[in-house]
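K.L.:
Provided herewith is a single structure, encoded as structure tokens, for subsequent inquiry.
The values are calculated or read from the model by the stated rules, or taken from the named source; none is laboratory data. Fair warning: this is a prediction, and the values are worked out from it, not measured in the lab. Using ideal geometry, Cβ is built from the backbone for each residue, glycine included, and neighbour counts are taken over all protein chains shown. Note: accessible area is taken over every heavy atom of the protein model, side chains too, but ligands, DNA and RNA are not part of it. Shrake-Rupley method; radii C 1.70, N 1.55, O 1.52, S 1.80 Å.
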Amino acid sequence: MQLRYNYRVYPDAPQRTALARAFGCARVVWNDCLRDREQAHAAWLPYVTSAELSRLRITQAKRTEERAWLADVSAVVLQQSLRDLDTAYKNFFDSLKGRRKGSKISPPRYKSKKDTRKSIRLNTNAFCLRDDGTVYVAKVGNLRVKWSRPLPATPTSLTVILDSSGRYFVSFVVDTEPDILPTRDTEVGVDLGLSTFAVLSDGTKISSPKFLRRAEKKLKRLQKELSRKAKGSKNRAKARTKVGRQLARVADRRRDWHHKASTQIIRNNQAVYVEDLAVADLARTRLAKSVHDAGWSTFVSMLEYKAAKHGRYFGKIGRFEPTSQVCSACGVKDGPKPLHVREWTCKECGTLHDRDDNASKNTLAAGRADRLNASQSAGKTRANVPAQRVEAGSHPDGRKTVAGIRGL
């Protein structure tokens with residue numbers, strides 16, 4: 001499986017200048033190639049191939065006076081920018097034809113100098129790991145990296161990122177084997193909420209930290225200072241960076257908390273079931289800020305990939321499953337209830353239910369039913385159903401991949 005590992009890097013002044021040059025050249029190649037394809041489409045001409053764009057906008061452009069500075073950066077950066085454009089077009093066409101799951105994807109857009117996030121991507125021909133713990137990037141130099149953890153294997157690609165707060169990161173893509181955890185006998189259903197972030201079917205409640213709400217006071221003051229600065233001035237750019245740093249702190253804290261909570265759930269349970277929430281639709285309601293602050297989509301995606309990494313089962317139940325309306329004791333549907341109703345009594349059996357606790361138990365029951373139906377229909381339908389780990393699967397050989405950095 002492929003995993004991504006991010007690390008903070010600290011380039012010096014010449015390296016920051018070289019990276020800024022690489023960001024700009026990658027942006028220019030992207031925009032030139034995108035413009036050629038849009039003009040060909042408007043003129044009813046055939047789709048311009050990648051080979052033709054590489055010859056015109058990279059190879060021949062370096063020989064012209066207007067684009068001679070493209071030779072100052074690594075050719076791999078320019079080629080990868082063109083490949084990223086091809087990937088964006090492929091995702092757009094697959095979305096139009098229904099071959100890509102999820103919401104519709106818009107066509108590629110032009111990149112701007114004022115974009116808050118900039119990045120370049122390189123393959124193994126343009127970077128390498130040094131014995132002293134630095135990372136060499138072609139025509140940039142050796143970047144000093146803050147190694148928070150060792151890499152599990154030699155990386156296959158590298159992305160250098162400049163975020164909105166002025167921080168630099170390197171992101172490695174690594175091919176590694178799953179780390180199978182010992183089998184557990186417990187299964188859990190997870191009900192996500194706002195006041196209480198998650199309620200598990202075993203009775204565990206995870207409080208919502210509300211990182212954005214706690215940082216609103218300082219963020220409001222910084223945004224007021226930004227609004228008072230003249231547009232286009234250097235002071236406005238500095239104020240915008242301060243706002244970006246504050247937002248980055250909030251995002252980092254939320255991401256770290258999501259990792260810790262999801263890892264604990266995956267380690268303690270053999271199977272995890274969650275509800276498929278319509279987060280994009282909920283983010284358009286009056287609860288938008290609280291929904292974004294909770295970060296449900298990120299948390300669920302962490303549960304999904306960590307389950308695959310550690311040999312656990314992860315399942316989603318339908319978003320229209322009436323988990324809050326059905327009594328988990330007798331199974332009678334008691335009808336919809338407004339959000340302010342946190343406790344209710346079943347009219348059939350008289351059981352007093354906590355709304356979130358009852359929903360988590362129904363999520364567990366629905367997830368088990370879906371898993372049982374999928375197992376029984378395996379081989380009888382055209383659906384691709386993964387085999388349960390207790391029935392079939394490859395056993396780990398017990399060997400661990402050696403880290404690809406000898407200096408650590």
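K.L.:
With respect to residue 240, determine if the residue is modelled with pLDDT of 95 or more and either part of a helix (DSSP H, G or I) or surrounded by fewer than 18 Cβ atoms within 10 Å (Cβ to Cβ) (or both).
P.N.:
no
K.L.:
Among the residues of segment 343-356, is any in contact with a Gly (Cβ under 6 Å, 6 or more places away or on another chain), of a type in the set (Asp, Glu), surrounded by 19 or more Cβ atoms within 10 Å (Cβ to Cβ) and touching a residue at least 24 places away in the same chain (Cβ under 8 Å)?
P.N.:
Yes: one or more hits.
K.L.:
Let me ask another. Are there any helices (runs of 4 or more DSSP H) wholly within segment 1-115 with 3 or more residues that are touching a Gly at 6+ places or on another chain (Cβ under 8 Å) and closer than 30 Å to residue 145 by Cβ, and if so which?
P.N.:
Because the criterion is at least 3 residues that are touching a Gly at 6+ places or on another chain (Cβ under 8 Å) and closer than 30 Å to residue 145 by Cβ, the helices (runs of 4 or more DSSP H) in segment 1-115 that meet it are 13-42.
Here's the yes/no breakdown for (1) modelled with pLDDT of 95 or more; (2) under 30 Å from residue 265 (Cβ atoms); (3) buried (at least 16 other Cβ atoms within 10 Å of the Cβ):
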position	(1), (2), (3)
148	no, yes, no
159	yes, yes, yes
169	yes, yes, yes
189	no, yes, yes
198	no, yes, yes
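K.L.:
Follow-up. Here are the criteria: (1) open to solvent by 20 Å² or more (accessible area, probe 1.4 Å); (2) among the hydrophobic types (A, V, I, L, M, F, W, C); (3) in a helix (DSSP H, G or I); (4) within 27 Å of residue 162 (Cα to Cα). Tell me which single one residue 308 does not satisfy.
P.N.:
The one condition residue 308 does not meet is (4).
K.L.:
For segment 116-127, state whether one or more residues are in contact with a helix residue (DSSP H, G or I) (Cβ under 8 Å, 6 or more places away or on another chain), under 19 Å from residue 167 (Cβ atoms) and exposed (fewer than 15 other Cβ atoms within 10 Å of the Cβ).
P.N.:
yes
Residues checked against (1) touching a helix residue (DSSP H, G or I) at 6+ places or on another chain (Cβ under 6 Å); (2) assigned to a loop (DSSP other than H, G, I, E, B); (3) more than 24 Å from residue 188 (Cβ to Cβ):
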position	(1), (2), (3)
337	no, yes, no
340	no, yes, yes
344	no, no, no
357	no, no, no
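K.L.:
If you take the residues in segment 269-292 that are part of a helix (DSSP H, G or I) and buried (at least 16 other Cβ atoms within 10 Å of the Cβ), which one is nearest to the chain's Cα centre (by Cα)?
P.N.:
This residue is 279.
K.L.:
Sort out which residues of segment 243-252 are over 17 Å from residue 114 (Cα atoms) and open to solvent by less than 70 Å² (accessible area, probe 1.4 Å), and write them in order of number.
P.N.:
246, 248, 250, 251, 252
Results for (1) of a type in the set (Lys, Arg); (2) over 20 Å from residue 20 (Cβ atoms); (3) in contact with a Pro (Cβ under 7 Å, 6 or more places away or on another chain), shown as yes or no for each residue.
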{"position": "63", "(1), (2), (3)": "yes, yes, no"}
{"position": "68", "(1), (2), (3)": "no, no, no"}
{"position": "77", "(1), (2), (3)": "no, no, no"}
{"position": "87", "(1), (2), (3)": "no, yes, no"}
{"position": "92", "(1), (2), (3)": "no, yes, yes"}
{"position": "97", "(1), (2), (3)": "yes, yes, no"}
{"position": "121", "(1), (2), (3)": "yes, no, no"}
{"position": "127", "(1), (2), (3)": "no, no, no"}
{"position": "131", "(1), (2), (3)": "no, yes, no"}
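K.L.:
Scan segment 204-216 and tell me whether some residue there is in a loop (DSSP other than H, G, I, E, B), at pLDDT 90 or above and at positive phi.
P.N.:
Yes: segment 204-216 contains one or more residues that are in a loop (DSSP other than H, G, I, E, B), at pLDDT 90 or above and at positive phi.
K.L.:
Moving to a separate point now. Quick one: is residue 260 in contact with a Pro (Cβ under 6 Å, 6 or more places away or on another chain) and charged (D, E, K, R)?
P.N.:
No, not satisfied.
K.L.:
Could you list, in sequence order, the residues of segment 162-186 that are assigned to a loop (DSSP other than H, G, I, E, B), of a type outside the set (Ser, Thr, Tyr) and touching a Ser or Thr at 6+ places or on another chain (Cβ under 6 Å)?
P.N.:
Hit for segment 162-186 is 166, nothing else.
K.L.:
Determine, yes or no, whether residue 57 is out of contact with any Cys (no Cβ under 6 Å at 6 or more places or on another chain), closer than 19 Å to residue 120 by Cβ and open to solvent by 30 Å² or more (accessible area, probe 1.4 Å).
P.N.:
Against the criterion (out of contact with any Cys (no Cβ under 6 Å at 6 or more places or on another chain), closer than 19 Å to residue 120 by Cβ and open to solvent by 30 Å² or more (accessible area, probe 1.4 Å)), residue 57 does not qualify.
K.L.:
Can you name every residue in segment 33-47 that is under 31 Å from the mean Cα position of the chain (by Cα) and open to solvent by less than 80 Å² (accessible area, probe 1.4 Å)?
P.N.:
33, 34, 36, 37, 38
K.L.:
Considering each of 203, 193 in turn, give the residue that is in contact (Cβ under 8 Å) with a residue 60 or more places away in the chain and touching an Asp or Glu at 6+ places or on another chain (Cβ under 6 Å).
P.N.:
None of the others qualify; the one that does is 193.
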